[in-house]
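The structure under discussion appears below in the form of C-alpha coordinates.
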There are 2 protein chains.
Amino acid sequence: MAAHATDVSLAVSTVIFALRPHPETGRMTVWMPLVRRIREPFVGKWALPGGPLEPDEDLAESAARTLAETTLLTPQYLEQLYAFGNIDRSPGGRVVSIVYWALVRSEEADVAVETENVRWFEADSVPELAFDHNLIVEYALWRLRNKLEYSSIAHAFVGDTFTLSELREVHEAVLQKPLDPANFRRQIEGSGQVVPTEHLQTGGRHRPARLYRYNRAASDENNGPLPSRSLPGRTQGAS
Amino acid sequence: MAAHATDVSLAVSTVIFALRPHPETGRMTVWMPLVRRIREPFVGKWALPGGPLEPDEDLAESAARTLAETTLLTPQYLEQLYAFGNIDRSPGGRVVSIVYWALVRSEEADVAVETENVRWFEADSVPELAFDHNLIVEYALWRLRNKLEYSSIAHAFVGDTFTLSELREVHEAVLQKPLDPANFRRQIEGSGQVVPTEHLQTGGRHRPARLYRYNRAASDENNGPLPSRSLPGRTQGAS
DNA sequence: CCAAAAGTGTTGGTTTTACACCCATGC
DNA sequence: GCATGGGTGTAAAACCAACACTTTTGG
(Lines give C-alpha, C1' and ligand atoms only; values in the text may rest on other atoms or scores of the structure.)
Protein backbone atom coordinates (compact mmCIF):
# COMPACT_ATOMS: atom_id res chain seq x y z
CA MET A 1 0.00 0.00 0.00
CA ALA A 2 1.16 3.47 -0.83
CA ALA A 3 2.29 6.03 1.68
CA HIS A 4 -0.80 8.03 0.99
CA ALA A 5 -3.10 5.51 2.58
CA THR A 6 -5.49 7.34 4.88
CA ASP A 7 -9.22 7.48 5.32
CA VAL A 8 -8.85 10.51 7.47
CA SER A 9 -9.53 13.94 6.09
CA LEU A 10 -7.57 16.92 7.24
CA ALA A 11 -8.99 20.35 7.91
CA VAL A 12 -7.62 23.60 9.22
CA SER A 13 -9.74 25.92 11.35
CA THR A 14 -9.06 29.12 13.18
CA VAL A 15 -10.22 30.79 16.34
CA ILE A 16 -10.18 34.53 15.70
CA PHE A 17 -10.04 36.97 18.56
CA ALA A 18 -10.65 40.68 18.53
CA LEU A 19 -11.49 43.23 21.17
CA ARG A 20 -14.71 45.17 20.93
CA PRO A 21 -16.69 47.27 23.33
CA HIS A 22 -19.56 45.38 24.85
CA PRO A 23 -22.82 46.75 23.42
CA GLU A 24 -24.38 47.16 26.83
CA THR A 25 -21.69 47.86 29.38
CA GLY A 26 -19.36 49.51 26.91
CA ARG A 27 -16.39 47.68 28.42
CA MET A 28 -13.86 46.12 26.10
CA THR A 29 -14.20 42.36 25.91
CA VAL A 30 -12.99 39.51 23.76
CA TRP A 31 -15.04 38.68 20.68
CA MET A 32 -14.80 36.20 17.87
CA PRO A 33 -16.46 35.76 14.49
CA LEU A 34 -18.21 32.49 13.79
CA VAL A 35 -19.67 31.18 10.57
CA ARG A 36 -22.94 29.41 10.12
CA ARG A 37 -22.73 25.92 8.73
CA ILE A 38 -24.57 25.56 5.46
CA ARG A 39 -24.35 21.79 5.12
CA GLU A 40 -24.52 18.65 7.14
CA PRO A 41 -23.49 17.80 9.67
CA PHE A 42 -24.67 20.52 12.03
CA VAL A 43 -26.44 22.61 9.40
CA GLY A 44 -27.41 25.97 10.79
CA LYS A 45 -25.13 25.74 13.80
CA TRP A 46 -22.30 28.19 14.33
CA ALA A 47 -18.77 26.98 13.85
CA LEU A 48 -15.19 28.09 13.50
CA PRO A 49 -14.12 29.25 10.06
CA GLY A 50 -12.00 26.71 8.28
CA GLY A 51 -11.89 24.12 5.56
CA PRO A 52 -9.94 21.26 4.08
CA LEU A 53 -6.22 21.68 3.69
CA GLU A 54 -5.22 22.27 0.10
CA PRO A 55 -2.25 20.24 -1.06
CA ASP A 56 -0.28 23.28 -2.15
CA GLU A 57 -0.47 25.40 0.96
CA ASP A 58 1.21 25.33 4.33
CA LEU A 59 -0.87 24.91 7.43
CA ALA A 60 -0.67 28.54 8.50
CA GLU A 61 -1.40 29.66 4.96
CA SER A 62 -4.51 27.57 4.95
CA ALA A 63 -5.62 29.11 8.20
CA ALA A 64 -5.02 32.62 6.88
CA ARG A 65 -6.83 31.87 3.64
CA THR A 66 -10.04 30.43 5.06
CA LEU A 67 -10.00 33.14 7.67
CA ALA A 68 -9.82 35.81 4.99
CA GLU A 69 -12.37 34.14 2.78
CA THR A 70 -15.03 34.02 5.41
CA THR A 71 -14.38 37.14 7.42
CA LEU A 72 -12.26 39.41 5.19
CA LEU A 73 -9.86 39.82 8.08
CA THR A 74 -6.08 39.73 8.01
CA PRO A 75 -4.71 38.70 11.36
CA GLN A 76 -1.92 40.46 13.18
CA TYR A 77 -0.91 37.27 14.88
CA LEU A 78 -1.41 33.67 13.91
CA GLU A 79 -0.25 30.63 15.80
CA GLN A 80 -1.06 26.98 15.87
CA LEU A 81 -3.27 26.00 18.75
CA TYR A 82 -3.72 22.25 18.69
CA ALA A 83 -4.65 19.33 16.50
CA PHE A 84 -7.99 17.79 17.36
CA GLY A 85 -8.49 14.29 16.11
CA ASN A 86 -10.75 12.20 18.29
CA ILE A 87 -12.42 9.45 16.34
CA ASP A 88 -15.96 10.56 17.02
CA ARG A 89 -15.61 14.30 16.84
CA SER A 90 -17.30 14.54 13.49
CA PRO A 91 -20.40 12.47 12.79
CA GLY A 92 -20.15 10.89 9.38
CA GLY A 93 -16.44 10.82 8.73
CA ARG A 94 -13.11 10.98 10.47
CA VAL A 95 -11.74 14.49 10.45
CA VAL A 96 -8.57 15.74 12.04
CA SER A 97 -8.60 19.50 12.48
CA ILE A 98 -5.46 21.48 12.94
CA VAL A 99 -6.62 24.59 14.69
CA TYR A 100 -4.94 27.97 14.66
CA TRP A 101 -5.72 31.01 16.68
CA ALA A 102 -5.49 34.53 15.39
CA LEU A 103 -5.55 38.03 16.78
CA VAL A 104 -6.84 40.97 14.79
CA ARG A 105 -6.69 44.64 15.61
CA SER A 106 -9.81 46.23 16.93
CA GLU A 107 -10.16 48.64 14.03
CA GLU A 108 -9.96 45.76 11.62
CA ALA A 109 -12.64 43.92 13.45
CA ASP A 110 -15.05 46.63 12.38
CA VAL A 111 -14.27 45.90 8.76
CA ALA A 112 -15.59 42.40 9.13
CA VAL A 113 -19.20 43.04 8.43
CA GLU A 114 -21.82 40.75 9.77
CA THR A 115 -23.79 38.82 7.22
CA GLU A 116 -26.44 36.19 7.36
CA ASN A 117 -23.74 33.59 7.87
CA VAL A 118 -21.06 35.46 9.78
CA ARG A 119 -21.60 36.91 13.21
CA TRP A 120 -19.49 38.15 16.11
CA PHE A 121 -19.93 36.58 19.53
CA GLU A 122 -18.57 37.39 22.91
CA ALA A 123 -15.88 34.77 23.45
CA ASP A 124 -16.99 33.95 26.95
CA SER A 125 -20.53 33.17 25.97
CA VAL A 126 -20.71 31.54 22.60
CA PRO A 127 -23.75 29.42 21.86
CA GLU A 128 -23.61 25.68 21.37
CA LEU A 129 -21.34 25.14 18.39
CA ALA A 130 -20.86 22.44 15.78
CA PHE A 131 -18.50 19.53 16.38
CA ASP A 132 -16.21 19.95 19.39
CA HIS A 133 -15.79 23.62 18.67
CA ASN A 134 -16.92 24.71 22.12
CA LEU A 135 -13.99 22.87 23.61
CA ILE A 136 -11.68 24.38 21.06
CA VAL A 137 -12.86 27.89 21.82
CA GLU A 138 -12.45 27.29 25.51
CA TYR A 139 -8.92 26.07 25.02
CA ALA A 140 -8.03 28.96 22.74
CA LEU A 141 -9.31 31.44 25.28
CA TRP A 142 -7.28 29.76 27.97
CA ARG A 143 -4.18 29.98 25.83
CA LEU A 144 -4.82 33.61 25.03
CA ARG A 145 -5.19 34.56 28.68
CA ASN A 146 -2.22 32.47 29.64
CA LYS A 147 0.08 33.66 26.95
CA LEU A 148 -0.77 37.28 27.50
CA GLU A 149 1.00 37.11 30.83
CA TYR A 150 4.33 35.78 29.66
CA SER A 151 4.68 37.03 26.12
CA SER A 152 3.92 40.13 24.16
CA ILE A 153 0.95 39.13 22.07
CA ALA A 154 -1.01 42.08 23.39
CA HIS A 155 0.64 44.18 20.71
CA ALA A 156 -1.31 42.32 18.08
CA PHE A 157 -4.46 44.06 19.27
CA VAL A 158 -3.17 47.60 18.98
CA GLY A 159 -1.71 49.78 16.23
CA ASP A 160 1.91 50.17 15.19
CA THR A 161 2.36 52.78 17.83
CA PHE A 162 0.34 52.96 20.97
CA THR A 163 0.20 54.46 24.40
CA LEU A 164 0.72 52.36 27.46
CA SER A 165 -2.87 53.03 28.40
CA GLU A 166 -4.04 51.46 25.20
CA LEU A 167 -1.87 48.47 25.88
CA ARG A 168 -3.15 48.25 29.40
CA GLU A 169 -6.70 48.38 28.17
CA VAL A 170 -5.94 45.29 26.10
CA HIS A 171 -4.62 43.44 29.10
CA GLU A 172 -7.55 44.44 31.20
CA ALA A 173 -10.02 43.36 28.56
CA VAL A 174 -8.44 39.96 28.08
CA LEU A 175 -7.77 39.24 31.74
CA GLN A 176 -11.04 40.77 32.85
CA LYS A 177 -9.56 42.65 35.73
CA PRO A 178 -8.26 46.17 36.33
CA LEU A 179 -4.52 46.71 36.46
CA ASP A 180 -2.59 49.35 38.33
CA PRO A 181 -1.42 51.86 35.71
CA ALA A 182 1.81 52.65 37.53
CA ASN A 183 2.86 49.05 38.00
CA PHE A 184 1.77 48.07 34.53
CA ARG A 185 3.97 50.77 33.10
CA ARG A 186 7.03 49.62 34.97
CA GLN A 187 6.40 46.01 34.14
CA ILE A 188 6.11 46.65 30.42
CA GLU A 189 8.93 49.17 30.22
CA GLY A 190 11.20 46.87 32.16
CA SER A 191 10.49 43.91 29.95
CA GLY A 192 12.09 45.53 26.94
CA GLN A 193 9.32 44.35 24.67
CA VAL A 194 8.44 47.95 23.96
CA VAL A 195 10.47 50.93 22.85
CA PRO A 196 9.47 54.59 23.24
CA THR A 197 9.11 56.83 20.20
CA GLU A 198 9.61 60.56 19.87
CA HIS A 199 5.92 61.22 19.56
CA LEU A 200 3.25 62.05 22.02
CA GLN A 201 -0.42 61.59 21.65
CA THR A 202 -2.29 64.79 22.32
CA GLY A 203 -5.99 65.40 22.15
CA GLY A 204 -7.19 63.98 25.42
CA ARG A 205 -8.14 66.46 28.07
CA HIS A 206 -5.10 65.53 30.06
CA ARG A 207 -1.35 65.28 29.79
CA PRO A 208 -0.23 63.82 26.43
CA ALA A 209 0.87 60.22 26.49
CA ARG A 210 4.08 58.94 24.99
CA LEU A 211 3.71 56.62 22.03
CA TYR A 212 5.57 53.34 22.03
CA ARG A 213 6.50 50.88 19.39
CA TYR A 214 6.71 47.12 19.61
CA ASN A 215 10.22 45.74 19.90
CA ARG A 216 10.25 42.59 17.81
CA ALA A 217 13.83 41.61 18.53
CA ALA A 218 13.42 41.39 22.27
CA SER A 219 10.28 39.33 22.09
CA ASP A 220 11.44 36.63 19.74
CA GLU A 221 13.70 35.21 22.40
CA ASN A 222 11.00 33.36 24.24
CA ASN A 223 9.26 31.85 21.29
CA GLY A 224 11.23 28.69 20.98
CA PRO A 225 13.09 27.26 18.06
CA LEU A 226 10.16 27.09 15.68
CA PRO A 227 10.61 29.16 12.51
CA SER A 228 9.12 32.43 13.67
CA ARG A 229 5.43 32.91 13.42
CA SER A 230 5.33 35.38 10.61
CA LEU A 231 2.26 36.30 8.70
CA PRO A 232 1.61 35.03 5.21
CA GLY A 233 -0.16 38.20 4.15
CA ARG A 234 2.55 40.77 4.58
CA THR A 235 6.26 40.94 4.14
CA GLN A 236 7.28 40.95 7.79
CA GLY A 237 10.82 41.46 8.85
CA ALA A 238 11.13 44.27 6.33
CA SER A 239 12.05 46.59 9.14
CA MET B 1 -16.19 16.95 -4.12
CA ALA B 2 -16.59 14.75 -1.11
CA ALA B 3 -15.59 15.77 2.37
CA HIS B 4 -12.80 13.27 2.25
CA ALA B 5 -10.94 15.06 -0.47
CA THR B 6 -7.29 15.28 0.47
CA ASP B 7 -4.02 14.41 -1.16
CA VAL B 8 -2.26 14.87 2.11
CA SER B 9 -1.28 11.91 4.22
CA LEU B 10 -1.35 12.12 7.94
CA ALA B 11 1.22 10.62 10.28
CA VAL B 12 1.79 10.64 14.01
CA SER B 13 5.29 10.64 15.46
CA THR B 14 6.66 10.89 18.95
CA VAL B 15 9.69 12.33 20.63
CA ILE B 16 10.52 10.08 23.56
CA PHE B 17 12.59 11.34 26.44
CA ALA B 18 14.24 9.39 29.20
CA LEU B 19 17.04 10.11 31.62
CA ARG B 20 20.12 7.95 31.58
CA PRO B 21 23.60 8.30 32.98
CA HIS B 22 26.07 9.48 30.43
CA PRO B 23 28.40 6.58 29.56
CA GLU B 24 31.51 8.70 30.06
CA THR B 25 30.83 11.35 32.64
CA GLY B 26 28.24 9.31 34.50
CA ARG B 27 26.03 12.34 34.85
CA MET B 28 22.30 12.01 34.17
CA THR B 29 21.30 13.51 30.85
CA VAL B 30 18.35 13.47 28.49
CA TRP B 31 18.23 10.65 25.97
CA MET B 32 15.85 9.58 23.26
CA PRO B 33 15.39 6.47 21.15
CA LEU B 34 15.42 6.84 17.40
CA VAL B 35 14.59 4.34 14.71
CA ARG B 36 16.44 3.73 11.51
CA ARG B 37 14.48 4.28 8.33
CA ILE B 38 14.21 1.17 6.25
CA ARG B 39 12.68 2.69 3.15
CA GLU B 40 12.83 5.78 1.03
CA PRO B 41 12.99 8.60 1.53
CA PHE B 42 15.98 8.87 3.84
CA VAL B 43 16.76 5.16 3.98
CA GLY B 44 19.31 4.44 6.66
CA LYS B 45 18.87 7.77 8.43
CA TRP B 46 17.65 7.97 11.99
CA ALA B 47 14.16 9.29 12.59
CA LEU B 48 11.44 9.65 15.18
CA PRO B 49 9.24 6.61 15.72
CA GLY B 50 5.84 7.01 14.16
CA GLY B 51 3.60 6.00 11.33
CA PRO B 52 0.39 6.74 9.50
CA LEU B 53 -2.69 7.43 11.59
CA GLU B 54 -5.08 4.48 11.58
CA PRO B 55 -8.71 5.42 11.04
CA ASP B 56 -9.86 3.74 14.23
CA GLU B 57 -7.51 5.28 16.73
CA ASP B 58 -7.22 8.62 18.43
CA LEU B 59 -4.14 10.72 17.90
CA ALA B 60 -2.63 9.98 21.29
CA GLU B 61 -3.44 6.31 20.89
CA SER B 62 -1.57 6.27 17.64
CA ALA B 63 1.43 7.88 19.27
CA ALA B 64 1.38 5.36 22.10
CA ARG B 65 1.01 2.45 19.72
CA THR B 66 3.85 3.24 17.34
CA LEU B 67 5.96 4.16 20.32
CA ALA B 68 5.32 0.78 21.89
CA GLU B 69 5.77 -1.11 18.64
CA THR B 70 9.18 0.28 17.97
CA THR B 71 10.64 0.68 21.41
CA LEU B 72 8.51 -1.52 23.71
CA LEU B 73 8.13 1.44 26.02
CA THR B 74 5.01 2.67 27.77
CA PRO B 75 5.24 6.34 28.54
CA GLN B 76 4.45 7.94 31.84
CA TYR B 77 3.47 11.15 30.15
CA LEU B 78 2.27 11.86 26.66
CA GLU B 79 1.31 15.20 25.24
CA GLN B 80 0.84 16.68 21.85
CA LEU B 81 3.75 18.81 20.73
CA TYR B 82 2.90 20.35 17.40
CA ALA B 83 1.63 19.60 13.93
CA PHE B 84 4.26 19.93 11.24
CA GLY B 85 2.91 20.36 7.76
CA ASN B 86 5.16 22.41 5.53
CA ILE B 87 4.67 21.57 1.90
CA ASP B 88 8.22 20.46 1.26
CA ARG B 89 9.04 18.68 4.47
CA SER B 90 8.84 15.26 2.91
CA PRO B 91 10.33 14.67 -0.51
CA GLY B 92 7.97 12.66 -2.63
CA GLY B 93 4.61 13.36 -1.05
CA ARG B 94 2.83 15.79 1.20
CA VAL B 95 2.82 14.55 4.77
CA VAL B 96 1.44 16.30 7.81
CA SER B 97 2.89 14.91 11.03
CA ILE B 98 1.20 15.39 14.33
CA VAL B 99 4.01 15.01 16.80
CA TYR B 100 3.69 13.97 20.43
CA TRP B 101 6.30 13.98 23.11
CA ALA B 102 6.58 11.36 25.79
CA LEU B 103 8.41 10.87 29.03
CA VAL B 104 9.38 7.44 30.30
CA ARG B 105 10.81 6.45 33.63
CA SER B 106 14.50 5.79 33.78
CA GLU B 107 14.07 2.14 34.81
CA GLU B 108 11.82 1.58 31.85
CA ALA B 109 14.34 3.06 29.51
CA ASP B 110 16.59 0.13 30.27
CA VAL B 111 13.91 -2.24 29.04
CA ALA B 112 14.10 -0.72 25.61
CA VAL B 113 16.84 -2.79 24.16
CA GLU B 114 18.94 -1.48 21.35
CA THR B 115 18.65 -3.32 18.09
CA GLU B 116 20.04 -2.84 14.65
CA ASN B 117 17.29 -0.32 13.97
CA VAL B 118 16.68 1.24 17.35
CA ARG B 119 19.26 3.21 19.24
CA TRP B 120 19.39 5.70 22.08
CA PHE B 121 20.93 9.11 21.50
CA GLU B 122 21.77 11.95 23.76
CA ALA B 123 19.06 14.47 23.08
CA ASP B 124 21.44 17.38 22.81
CA SER B 125 23.56 15.79 20.16
CA VAL B 126 21.54 13.71 17.79
CA PRO B 127 22.94 13.13 14.33
CA GLU B 128 21.40 14.50 11.18
CA LEU B 129 17.93 13.05 11.04
CA ALA B 130 15.39 12.32 8.33
CA PHE B 131 12.85 14.93 7.25
CA ASP B 132 12.61 17.94 9.54
CA HIS B 133 13.09 15.79 12.59
CA ASN B 134 16.06 17.75 13.88
CA LEU B 135 13.86 20.78 14.19
CA ILE B 136 11.20 18.73 15.90
CA VAL B 137 13.64 17.34 18.41
CA GLU B 138 14.96 20.79 19.13
CA TYR B 139 11.47 22.09 19.71
CA ALA B 140 10.53 19.16 21.93
CA LEU B 141 13.62 19.69 24.05
CA TRP B 142 12.78 23.34 24.37
CA ARG B 143 9.26 22.48 25.50
CA LEU B 144 10.55 19.94 27.97
CA ARG B 145 12.96 22.37 29.58
CA ASN B 146 10.39 25.10 29.56
CA LYS B 147 7.56 23.09 30.96
CA LEU B 148 9.67 21.60 33.68
CA GLU B 149 9.85 24.99 35.30
CA TYR B 150 6.17 25.76 35.52
CA SER B 151 4.50 22.39 35.78
CA SER B 152 5.10 19.10 37.45
CA ILE B 153 6.14 16.86 34.59
CA ALA B 154 9.32 15.92 36.43
CA HIS B 155 7.29 13.29 38.24
CA ALA B 156 6.98 11.34 35.03
CA PHE B 157 10.66 10.48 35.26
CA VAL B 158 10.58 9.03 38.77
CA GLY B 159 8.69 6.25 40.53
CA ASP B 160 5.38 6.41 42.37
CA THR B 161 7.18 7.51 45.47
CA PHE B 162 10.43 9.34 45.46
CA THR B 163 12.75 11.44 47.55
CA LEU B 164 13.21 15.09 46.90
CA SER B 165 16.79 14.35 45.95
CA GLU B 166 15.62 12.06 43.20
CA LEU B 167 13.27 14.72 41.97
CA ARG B 168 16.00 17.29 42.12
CA GLU B 169 18.28 15.05 40.15
CA VAL B 170 15.66 15.02 37.40
CA HIS B 171 15.51 18.78 37.33
CA GLU B 172 19.27 19.07 37.28
CA ALA B 173 19.56 16.58 34.45
CA VAL B 174 16.99 18.31 32.28
CA LEU B 175 18.05 21.85 33.05
CA GLN B 176 21.73 20.97 32.98
CA LYS B 177 22.60 22.94 36.03
CA PRO B 178 22.95 22.22 39.73
CA LEU B 179 20.17 23.33 42.04
CA ASP B 180 20.40 24.28 45.68
CA PRO B 181 18.91 21.39 47.65
CA ALA B 182 17.49 23.62 50.36
CA ASN B 183 15.77 26.02 48.00
CA PHE B 184 14.57 23.25 45.75
CA ARG B 185 12.97 21.55 48.69
CA ARG B 186 11.08 24.66 49.73
CA GLN B 187 10.02 25.43 46.21
CA ILE B 188 8.57 21.97 45.61
CA GLU B 189 7.01 21.59 49.02
CA GLY B 190 5.44 25.00 48.75
CA SER B 191 3.96 24.29 45.36
CA GLY B 192 1.64 21.61 46.66
CA GLN B 193 2.36 19.37 43.72
CA VAL B 194 3.85 16.83 46.07
CA VAL B 195 2.59 15.21 49.27
CA PRO B 196 4.75 13.53 51.92
CA THR B 197 4.22 9.86 52.80
CA GLU B 198 4.85 8.04 56.06
CA HIS B 199 7.85 6.24 54.72
CA LEU B 200 11.51 7.01 54.74
CA GLN B 201 14.13 5.69 52.44
CA THR B 202 17.00 4.15 54.36
CA GLY B 203 20.07 2.51 52.98
CA GLY B 204 22.23 5.43 52.06
CA ARG B 205 25.14 6.14 54.37
CA HIS B 206 23.40 9.22 55.60
CA ARG B 207 20.19 10.37 57.16
CA PRO B 208 17.12 8.67 55.63
CA ALA B 209 15.09 10.75 53.24
CA ARG B 210 11.34 11.15 53.35
CA LEU B 211 9.42 9.65 50.45
CA TYR B 212 6.89 11.78 48.64
CA ARG B 213 4.02 11.07 46.35
CA TYR B 214 2.77 13.06 43.39
CA ASN B 215 -0.35 15.09 44.02
CA ARG B 216 -2.40 14.85 40.87
CA ALA B 217 -5.25 17.08 42.01
CA ALA B 218 -3.10 20.11 42.63
CA SER B 219 -1.31 19.86 39.32
CA ASP B 220 -4.28 19.49 37.04
CA GLU B 221 -5.28 23.05 37.68
CA ASN B 222 -2.72 24.55 35.34
CA ASN B 223 -3.25 22.23 32.45
CA GLY B 224 -6.01 24.04 30.70
CA PRO B 225 -9.42 22.84 29.63
CA LEU B 226 -8.25 20.03 27.40
CA PRO B 227 -9.48 16.58 28.49
CA SER B 228 -6.64 15.61 30.80
CA ARG B 229 -3.52 14.18 29.31
CA SER B 230 -3.73 10.72 30.67
CA LEU B 231 -2.39 7.63 29.06
CA PRO B 232 -4.16 5.62 26.41
CA GLY B 233 -2.92 2.35 27.82
CA ARG B 234 -5.02 2.66 30.94
CA THR B 235 -8.77 3.19 30.94
CA GLN B 236 -9.49 6.90 30.47
CA GLY B 237 -11.52 8.21 27.65
CA ALA B 238 -13.41 4.95 27.32
CA SER B 239 -16.65 6.38 28.65
C1' DC C 1 34.41 9.45 65.12
C1' DC C 2 33.79 10.71 60.13
C1' DA C 3 31.59 11.38 55.67
C1' DA C 4 27.57 12.38 53.36
C1' DA C 5 23.22 13.58 52.38
C1' DA C 6 18.69 15.24 54.85
C1' DG C 7 16.63 18.94 56.45
C1' DT C 8 16.15 23.79 58.95
C1' DG C 9 17.48 28.71 59.59
C1' DT C 10 19.05 33.17 58.39
C1' DT C 11 20.23 37.01 55.79
C1' DG C 12 20.54 40.27 52.01
C1' DG C 13 18.74 41.34 47.76
C1' DT C 14 15.32 41.69 44.27
C1' DT C 15 10.53 41.84 42.81
C1' DT C 16 5.65 42.83 43.56
C1' DT C 17 1.82 45.49 45.29
C1' DA C 18 -0.60 49.22 46.94
C1' DC C 19 -1.11 53.79 47.02
C1' DA C 20 0.44 58.75 47.50
C1' DC C 21 1.69 62.37 44.78
C1' DC C 22 3.15 65.63 41.07
C1' DC C 23 2.65 66.86 35.82
C1' DA C 24 0.55 68.58 31.59
C1' DT C 25 -3.26 69.20 28.96
C1' DG C 26 -8.39 70.63 27.42
C1' DC C 27 -12.05 73.02 28.78
C1' DG D 1 -9.04 76.67 38.07
C1' DC D 2 -10.26 71.93 37.81
C1' DA D 3 -10.96 67.39 36.10
C1' DT D 4 -8.51 63.77 33.86
C1' DG D 5 -5.43 60.67 32.81
C1' DG D 6 0.10 60.55 32.35
C1' DG D 7 3.89 59.57 34.86
C1' DT D 8 7.17 59.19 39.23
C1' DG D 9 8.13 57.89 44.14
C1' DT D 10 8.05 54.93 47.91
C1' DA D 11 7.34 51.80 51.66
C1' DA D 12 5.57 47.19 53.15
C1' DA D 13 5.24 42.58 51.77
C1' DA D 14 6.48 38.66 49.23
C1' DC D 15 9.75 36.22 47.02
C1' DC D 16 14.40 34.32 45.97
C1' DA D 17 19.41 32.97 46.18
C1' DA D 18 23.20 31.91 48.83
C1' DC D 19 25.05 29.66 52.42
C1' DA D 20 25.65 28.39 57.49
C1' DC D 21 24.27 25.03 60.41
C1' DT D 22 22.05 21.00 62.67
C1' DT D 23 20.34 16.01 62.15
C1' DT D 24 20.68 11.15 61.23
C1' DT D 25 22.32 7.50 59.13
C1' DG D 26 26.37 3.84 57.43
C1' DG D 27 30.79 2.63 57.98
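Assorted remarks:
- Between A:I38 and B:H206, the C-beta separation translates, for a Förster distance of 60 Å, into a calculated FRET efficiency of about 0.25.
- Ellipsoid semi-axes in whole angstrom, largest first, where each is sqrt(5λ) of the Cα gyration tensor of the range B:104-221: 30, 18, 13
- Label-point separation, B:T197 to A:I87 (7 Å along Cα→Cβ), nm: 3.5 nm
- Environment charge at A:L19 (Cβ cut-off 9 Å; Lys +1, Arg +1, Asp -1, Glu -1): +1
- Largest-first principal axis extents of the Cα set of the range B:84-154 (Å): 39, 36, 20
- Put simply, chains B and A cover up around 3300 Å² of each other's accessible surface, both sides summed, when a 1.4 Å probe is used.
- Built amide H within the under 5 Å cut-off of B:T163, gap 5+: B:Y212
- Cα gyration tensor shape for the protein assembly as shown, rounded if a/c is under 1.5, else prolate or oblate: oblate
- Across the alpha-carbon set of the range B:43-144, the Rg to Rh ratio works out to 0.93, Rh being the Kirkwood radius.
- Förster radius 60 Å - calculated FRET efficiency between B:R27 and A:D124 (Cβ-Cβ, nearest 0.05): 0.80
- The mean sequence separation of alpha-carbon pairs under 8 Å and at least six residues apart, normalised by the residue count of chain B, gives a relative contact order of 21 percent.
- Whole-number percent relative contact order across the range A:74-128, with pairs defined as alpha carbons under 8 Å at least 6 apart: 34 percent
- Cα gyration tensor, the range A:156-220 - rounded (a/c under 1.5), prolate or oblate: oblate
- Counting only residues at least eight positions apart within a chain, or on another chain, the lysines with an alpha carbon under 30 Å from that of B:K177 are A:K147, B:K147.
- Other-chain or far-sequence residues with amide H under 5 Å of A:Q201's (modelled H): A:A209, A:R210, A:L211
- Per residue accessible area of the protein assembly as shown, 1.4 Å probe, in Å²: 50 Å²
- Note on B:E57 and A:N117: with the Förster distance fixed at 35 Å, the Cβ-Cβ geometry gives a FRET efficiency of about 0.50.
- Calculated over the range A:68-124: convex hull of Cα atoms, volume per residue (Å³): 129 Å³
- The range B:154-220, accessible surface, carbon-and-sulfur percent (1.4 angstrom probe): 46 percent
- Label 7 Å beyond Cα on the Cβ vector: A:E116 copy-to-copy distances, nm: 6.5
- For B:80-92, mean number of other protein chain Cβ atoms within 10 Å: 4
- GNM top mover of B:N146, B:N222, B:N134 - chain B, alpha-carbon springs below 10 Å: B:N222
- Nearest 10 degrees, 0 to 90: helix A:181-191 Cα axis against chain A principal axis: 70 degrees
- Between A:V15 and A:Y100, A:W101, A:A102, the built amide H atoms are under 5 Å apart, and every one of these is 5 or more places off in sequence or on another chain.
- Reference-scaled alpha-carbon Rg (2.2 N^0.38 Å with N residues) for the range A:1-82: 1.35
- Label-point spacing for B:K147 across the identical copies (point 7 Å from Cα in the Cβ direction), in nm and ascending order: 1.6.
- Antiparallel bridges, percent of DSSP beta bridges restricted to the protein assembly as shown (to nearest 5): 75 percent
- With its label point defined 7 Å out from Cα along the Cα-to-Cβ axis, B:E69 lies at 3.3 nm from the matching points of the other copies, in increasing order.
- Peptide ranges B:199-208, B:113-122 listed from the most packed, as the mean C-beta count within 10 angstrom indicates: B:113-122, B:199-208
- The range B:9-148 - share of DSSP beta bridges that are antiparallel (%, nearest 5): 70 percent
- Over chain A, volume per residue of the alpha carbon convex hull, in Å³: 151 Å³
The values are calculated or read from the model by the stated rules, or taken from the named source; none is laboratory data. Quick caveat: nothing in here was measured; it's all calculated off a predicted structure. Here the Cβ is made from the backbone with ideal geometry for all residues, glycine too, and neighbour counts use every protein chain on show. Keep in mind that these areas ignore ligands, DNA and RNA; they rest on the heavy atoms of the full protein, side chains included. Shrake-Rupley method; radii C 1.70, N 1.55, O 1.52, S 1.80 Å.
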